[in-house]
């Protein structure tokens with residue numbers, strides 16, 4: 001275990017590119033953390049941190065930051081000045097909001113924010129271009145309209161949130177290949193679904209969906225579809241037209257029926 005009050009001079013004596021301070025029960029970080037100008041990878045996961053010092057913005061060549069599994073309540077606005085960061089893992093903290101300028105982190109490629117308390121996302125999110133997003137296990141009730149600007153987005157995880165509807169902007173993501181929306185409060189699948197033509201994996205399980213729109217036939221690349229534990233009473237025969245489908249899950253607690261009134265459990 002590292003003494004959180006120990007000076008950083010020992011680390012500063014030599015250029016350090018990879019610094020791991022994981023699982024040390026650290027409660028605070030000194031502002032001097034910003035003096036580690038050579039650090040490219042910094043792991044602080046598994047500590048007891050409640051905040052990140054604003055001096056983190058001085059880590060100009062930092063590429064990867066792992067602050068997961070702490071009790072961080074907010075991210076400093078200055079974190080948006082990390083102009084070279086490509087990987088940010090802030091999962092399993094207590095974040096309720098993100099800095100309004102979060103979208104300025106345009107070099108981000110992987111953003112992991114699952115297991116927080118986020119209820120919404122800043123509009124600037126639409127500036128995050130080439131990125132993989134994990135936002136599962138939050139309390140998100142709505143998505144920003146500028147989400148439609150994430151044209152290169154391929155993987156989006158929004159499972160285990162509080163979404164009741166899906167904005168039309170979501171279906172402008174024509175390059176998305178994996179979309180996870182399970183364990184929300186969705187009651188319908190919008191007809192616009194067919195616009196996400198590149199999607200290969202679609203998980204809509206554990207919602208309150210009652211019907212599948214005929215437009216689902218337009219998902220010609222779809223290979224894996226999970227519709228389990230929704231409100232279907234009739235087998236959604238439209239899914240039989242999905243020519244690339246390899247895996248289909250429609251497990252149902254009450255069983256479903258075909259038009260011939262046969263029951264399948």
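The values are calculated or read from the model by the stated rules, or taken from the named source; none is laboratory data. Since the structure is predicted, the reported quantities are computational estimates derived from the model, not experimental observations. With ideal geometry, Cβ positions are generated from the backbone for all residues, glycine too; neighbour counts draw on all protein chains shown.
Can you tell me which residue among 163, 156, 128, 181 is buried (at least 19 other Cβ atoms within 10 Å of the Cβ), farther than 22 Å from residue 86 by Cα, free of Cβ contacts under 8 Å to residues at least 40 places away in the same chain and in contact with a strand residue (DSSP E or B) (Cβ under 9 Å, 6 or more places away or on another chain)?
Numbers: 163 fails: in contact with a strand residue (DSSP E or B) (Cβ under 9 Å, 6 or more places away or on another chain); 156 fails: farther than 22 Å from residue 86 by Cα; 128 fails: farther than 22 Å from residue 86 by Cα.
Unique residue meeting the criteria: 181.
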Exactly one of 112, 67 is within 30 Å of residue 178 (Cα to Cα) and crowded, with 21+ Cβ neighbours inside 10 Å, and that one is 67
All but one of (1) buried (at least 20 other Cβ atoms within 10 Å of the Cβ); (2) modelled with pLDDT under 95 hold for residue 137; which doesn't?
(2)
If residue 153 satisfies all but one of (1) closer than 22 Å to residue 228 by Cα; (2) assigned to a loop (DSSP other than H, G, I, E, B), what's the number of the condition it fails?
(1)
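Within the group 40, 13, 31, which residue is over 24 Å from residue 135 (Cα atoms) and modelled with pLDDT of 95 or more?
Details: 13 fails: modelled with pLDDT of 95 or more; 31 fails: modelled with pLDDT of 95 or more.
Of the residues listed, the single one that is over 24 Å from residue 135 (Cα atoms) and modelled with pLDDT of 95 or more is 40.
Yes/no matrix, rows are residues, columns are (1) part of a loop (DSSP other than H, G, I, E, B); (2) closer than 24 Å to residue 116 by Cβ; (3) modelled with pLDDT of 90 or more:
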position	(1), (2), (3)
161	yes, yes, yes
193	no, no, no
207	yes, yes, yes
229	yes, no, yes
238	no, no, no
Checking residue 183 against (1) in a loop (DSSP other than H, G, I, E, B); (2) in the same structural domain as residue 66 (by the TED database), which test does it fail?
(2)
Filter result for residue 22 (in contact with a strand residue (DSSP E or B) (Cβ under 7 Å, 6 or more places away or on another chain), buried (at least 17 other Cβ atoms within 10 Å of the Cβ) and either part of a loop (DSSP other than H, G, I, E, B) or modelled with pLDDT of 95 or more (or both))
no
In region 66-75, is there at least one residue being closer than 20 Å to residue 28 by Cβ, without any contact (Cβ under 8 Å) to a residue 60 or more places away in the chain and assigned to a strand (DSSP E or B)?
yes
Looking only at residues in region 76-97 that are touching a helix residue (DSSP H, G or I) at 6+ places or on another chain (Cβ under 8 Å) and closer than 17 Å to residue 131 by Cβ, which one is surrounded by the most Cβ atoms within 10 Å (Cβ to Cβ)?
79
